[in-house]
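Have a look at the structure below before the remarks.
The values are calculated or read from the model by the stated rules, or taken from the named source; none is laboratory data. Computed from a predicted model, the values in this text were never measured in an experiment. Here the Cβ is made from the backbone with ideal geometry for all residues, glycine too, and neighbour counts use every protein chain on show. Surface accessibility is based on the protein's heavy atoms, side chains included, excluding ligands, DNA and RNA. Shrake-Rupley method; radii C 1.70, N 1.55, O 1.52, S 1.80 Å.
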Amino acid sequence: MRLLDFLKGERKKSASVAKERLQIIVAHQRGHRGQPDYMPMLEQELLAVIRRYVKVDQDAINISLDSDNDCSVLELNVTLPNEGETVKG
Amino acid sequence: MAKIIVVTSGKGGVGKTTSAAAIATGLALRGNKTVVIDFDVGLRNLDLIMGCERRVVYDLVNVIQGEAGLKQAMIRDKRSENLHILPASQTRDKDALTLEGVEKVLMDLSEEFDYIICDSPAGIERGAQLALYFADEAVVVTNPEVSSVRDSDRILGLLSSKSRRAEQNREPIKEHLLVTRYNPNRVDDGDMLNLDDIREILAIDLVGLIPESEAVLRASNQGVPVIHDDKSDAGQAYADTVSRLMGEDVPLRFQSVQKRGLIARMFGGGGRR
């Protein structure tokens with residue numbers, strides 16, 4: 001069986017595919033860990049507002065909440081497209 | 001003061017109840033006064049795995065709602081006098097459990113026992129959250145499979161944010177990884193996540209590795225926790241796990257393919273015991 005795989009050109013083992021997929025999804029999950037329940041909704045609504053003025057993709061917005069000892073910072077990153085692609089108001 | 005250990009996983013069917021039964025039994029066999037509580041209200045199964053299903057009279061919900069005392073509801077294990085079982089209710093829904101009620105039960109048990117093992121229901125809903133809320137330590141049961149690993153990571157998130165220790169800013173719950181249904185043959189073939197990959201992804205300490213074993217189904221068929229089968233690989237692996245939970249340093253076994261001799265292969269029949 002292994003010899004056969006070798007002759008066919010060694011297809012990628014399924015376990016290593018599983019590992020790669022897990023690393024990505026777990027990193028994503030951890031980014032959202034501990035954040036307030038309203039964050040996904042806030043993200044969606046902010047995106048909707050921004051889209052009223054600028055044409056951006058669904059994944060062009062990145063929102064995160066970082067807490068230090070006595071203050072929290074809401075960080076919003078929007079990747080804007082090139083000029084001239086804005087929606088006329 | 002008892003140590004409260006929750007056995008949890010997020011995903012269902014990975015071996016939570018099997019593990020809770022084995023660990024509780026193992027702790028009791030090592031001389032610790034132990035009680036194991038089934039938190040899966042509506043779908044109780046711990047009683048079956050422990051082999052005491054016909055002796056259930058009252059349950060956790062009865063105790064919380066004041067319809068029975070703890071002493072009436074707890075079932076003493078047939079095989080170990082150090083071990084008691086507190087079954088879940090079969091008829092009520094999960095809302096029958098209250099945070100205050102669970103706290104009271106755990107406080108009362110705490111005075112009498114060394115270890116309280118909480119067998120969590122699957123999912124991340126109320127029942128699972130109640131099971132882990134008061135825990136000092138957590139055993140996160142994980143299969144070498146993508147959905148189980150992902151769900152375990154979700155549970156780790158809950159343990160670090162939705163527990164009493166987290167809310168009171170106390171020392172966090174001690175998290176232990178327990179990998180079950182591990183098949184070294186398939187790992188060698190490259191078709192199963194290996195132990196190091198799972199440890200790397202979840203990044204918590206390993207407390208045990210339980211090989212996929214025919215002994216587990218045999219044990220549940222008979223209602224005898226698999227740790228009693230001390231000749232089986234799974235039974236021995238759970239015994240090692242219990243030792244590590246008690247703070248002993250035990251070498252890891254069953255990680256690689258067990259080579260069987262010619263005679264065993266000719267006459268061994270079913271293979272791994």
Discussion item. Compute accessible area for the range B:158-195 by itself and then with all protein chains, 1.4 Å probe, and report residues whose area falls by 40 Å² or more.
Written reply: B:Asp189, B:Gly190, B:Asp191, B:Leu193
Worksheet entry | Inter-chain shielding of B:76-85 (mean C-beta neighbours from other protein chains, 10 Å cut-off) | 0
Worksheet entry | √(5λ) per eigenvalue of the Cα gyration tensor, the range B:154-236, largest first, Å | 29, 19, 10
Worksheet entry | Prolate/oblate/rounded label for the range A:21-79 (Cα gyration tensor, a/c 1.5) | oblate
Discussion item. Looking at chain B as a GNM with Cα springs under 10 Å, which of B:Gly101, B:Gly157, B:Gly208 has the largest mean-square fluctuation?
Written reply: B:Gly157
Practice prompt. For the protein assembly as shown, give the magnitude of the charge dipole about the Cα centre (Cβ charges: +1 Lys/Arg, -1 Asp/Glu; no others), in debye to the nearest 20.
Written response: 1380
Discussion item. For chain B, set up a GNM with springs between Cα atoms under 10 Å and report which of B:Gln168, B:Gln72, B:Gln236 has the largest fluctuation.
Written reply: B:Gln168
Worksheet entry | Unit charges on C-beta of K, R, D, E only; dipole of the range B:3-249, Debye | 640
Practice prompt. Mind listing, in residue-number order, the residues in the range A:24-55 that have at least 50 Å² less accessible area with every protein chain present than in their own chain alone (1.4 Å probe)?
Written response: A:Gln29, A:Arg30, A:Arg33
Worksheet item: Can you pull the percent of the protein assembly as shown's accessible area that's carbon plus sulfur, 1.4 Å probe, other chains left in place?
Response: 49
Worksheet, complete the sentence: At the level of C-alpha centres, the distance separating the range B:202-241 and the range B:111-169, in angstrom, is 20
Worksheet entry | Using alpha-carbon coordinates, inclination of helix B:16-29 to the longest axis of chain B, degrees | 80
Discussion item. Could you work out the relative contact order of the range B:3-249? I mean the mean sequence separation of Cα pairs under 8 Å and 6+ apart, divided by the number of residues, in percent.
Written reply: 25
Worksheet, complete the sentence: Over the protein assembly as shown, with neighbouring protein chains present, the accessible area per residue in Å² at probe 1.4 Å is 53
Worksheet item: How far apart, in nm, are two points set 7 Å out from the Cα along the Cα-to-Cβ line at B:Glu53 and at A:Met41?
Response: 4.3
Fill in: Interface B:A - total buried accessible surface [probe 1.4 Å, Å², rounded to 100]
1500
Discussion item. At 20 °C and a viscosity of 1.002 mPa s, what translational diffusion coefficient does Stokes-Einstein give for chain B, taking Rh as the Kirkwood radius over Cα pairs? Give it in µm²/s as a whole number.
Written reply: 114
Discussion item. Can you list residues from other chains, or at least 5 along the same chain, whose modelled amide H is less than 5 Å from the amide H of B:Tyr182?
Written reply: B:Ile210, B:Glu212
Worksheet entry | Cα centre as origin, Lys/Arg/Asp/Glu Cβ charges: the range A:9-76 dipole, Debye | 620
Discussion item. Can you tell me, using C-alpha contacts under 8 Å and at least 6 residues apart, the relative contact order of the range B:140-225 as a whole percent?
Written reply: 32
Worksheet item: Out of B:Val149, B:Val61, B:Val105, any idea which swings most in a Gaussian network model of chain B, alpha carbons joined below 10 Å?
Response: B:Val105
Worksheet item: Equivalent-ellipsoid semi-axes (√(5λ), Cα gyration tensor) for the protein assembly as shown, whole Å, largest first?
Response: 40, 32, 16
Worksheet item: Among rounded, prolate and oblate, which fits the range B:102-208 when a ≥ b ≥ c are the square roots of the eigenvalues of its C-alpha gyration tensor, a/c under 1.5 means rounded, and a/b larger than b/c means prolate?
Response: prolate
Item to complete: Mind pulling the angle between the C-alpha long axis of helix B:99-112 and the longest principal axis of chain B? Nearest 10 degrees, somewhere in 0 to 90.
Response: 70
